[in-house]
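Structure, as C-alpha cells:
The values are calculated or read from the model by the stated rules, or taken from the named source; none is laboratory data. The structure presented is a predicted model; accordingly, all values stated were derived computationally and were not measured. Using ideal geometry, Cβ is built from the backbone for each residue, glycine included, and neighbour counts are taken over all protein chains shown.
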Amino acid sequence: MIKELQKKLDYKFKNTGLLKTALTHKSYVKRKNDSNERLEFLGDAVLELIITEYLIDKYSNTDEGKLSKIRAASVNTQALSFVAEKLGIYKYIYVGKSEKREGIIYNKSILENTFEAIVGAIYLDGGFEKAKRFVIEQLSDTINETVETDTIFDYKTYLQEATQRLFNCLPEYKIIKEEGAEHDKTFYCEVFINSKSYGIGVGKSKKEAEKEAAQCAVKKMEQKGV
C-alpha cells in the first residue's frame, strides 16, 4: 500500500514511517502525538513558504496584496482536498473502525489535513527542495488557473480592509456552536463589527465557517449601501 502511494506521489521515502504517520488520523491511535497532527502543523508552514516563494518568482510584477490573495485561494480547503482526491489519498488514510464506516476519509478537511501532513513528511525526509518539487508539481495548475480566471476574491481579507477603512476597527469572529462527533464537526461562526452582529457562517472547519460569515457580512454591508 505504501509503495503504491509513493508512486502516485512520485517520491520515495527513506523513512516510510514518516509517510505512515502522515496518513494516520487521530481516531486510529491512542496517543494524539502518534497521529498526523504535528506533521500537518509543519506541512502547513512549509506549504505556505513554498507557495509564497513560487509566486514571488513567477509573478514578480504583482503586488504583495494580490499575491497574498492568490496564495490563500491556492491552498484553501477546496484546492488541497481536490488535489488529495486526485491522488486517491483517501484510500490510504488510517482511521478508526467506526470512523471508516462513517466515511470520514472523504471529508474535505480530513483530506486537506492529510495532504499537509504528507508535505511535512516529505520535508523531514528529503528536505525543502524535495518538498518544493512535490508541492509545485501538485499545485502549479491550480495556482495558474486561479491567476488566469481571477478567482481570488477573499471575503475575509475584503471585510478586514473594509472595516478598517470605514469603521477604524477589525471584524471579530466567534465560534458560537459546534455540532457532531469529534472527527466530523460542524462549526457555526458569528462575525461582529463594532460589537454588532453582521452574519453567521457554517462550515466543516472553523476557517470555512469564518469565511462564510465574512461573505454574509460583506453582502449585508452591500445591502445597507456601506
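Taking the stated definitions as given, is Phe134 within 15 Å of the chain's Cα centre (by Cα) and part of a helix (DSSP H, G or I)? No: the conditions fail for Phe134. Per this entry, Leu139 is counted among residues that are surrounded by 20 or more Cβ atoms within 10 Å (Cβ to Cβ), in the same structural domain as Ser81 (by TED's automatic domain parsing) and under 21 Å from the mean Cα position of the chain (by Cα).
Residues considered: Lys132, Lys91, Lys20. Of these, the only one that is out of contact with any His (no Cβ under 8 Å at 6 or more places or on another chain) and modelled with pLDDT under 95 is Lys91. Within the range 3-37, the residues that satisfy the criterion of being closer than 18 Å to Gly127 by Cα and loosely packed, with under 15 Cβ neighbours inside 10 Å are Gln6, Asp10, Lys12, Lys14, Asn15, Gly17.
In the range 105-123, how many residues are under 10 Å from Leu42 (Cβ atoms) and over 12 Å from the mean Cα position of the chain (by Cα)? Count: 4. Scoring Glu85 on the criteria (1) under 15 Å from the mean Cα position of the chain (by Cα); (2) under 12 Å from Ile118 (Cα atoms); (3) without any contact (Cβ under 8 Å) to a residue 40 or more places away in the chain leaves a single failure, condition (2).
Could you tell me whether Glu179 is over 25 Å from Gly65 (Cα atoms), at pLDDT 90 or above and touching a Lys or Arg at 6+ places or on another chain (Cβ under 7 Å)? Spelling it out, Glu179 is indeed over 25 Å from Gly65 (Cα atoms), at pLDDT 90 or above and touching a Lys or Arg at 6+ places or on another chain (Cβ under 7 Å). When Gly96, Gly103, Gly88, Gly126 are checked against the criterion of being touching a Phe, Trp or Tyr at 6+ places or on another chain (Cβ under 8 Å), surrounded by fewer than 18 Cβ atoms within 10 Å (Cβ to Cβ) and farther than 15 Å from Ile51 by Cα, Gly96 stands alone in meeting it. Of the residues making up the range 43-58, not a single one is surrounded by 14 or more Cβ atoms within 10 Å (Cβ to Cβ), in a helix (DSSP H, G or I), touching a strand residue (DSSP E or B) at 6+ places or on another chain (Cβ under 9 Å) and at pLDDT 95 or above. For the range 108-120, the criterion of being at pLDDT 95 or above, among the acidic types (Asp, Glu), surrounded by fewer than 21 Cβ atoms within 10 Å (Cβ to Cβ) and within 16 Å of Glu48 (Cα to Cα) is met by none of the residues.
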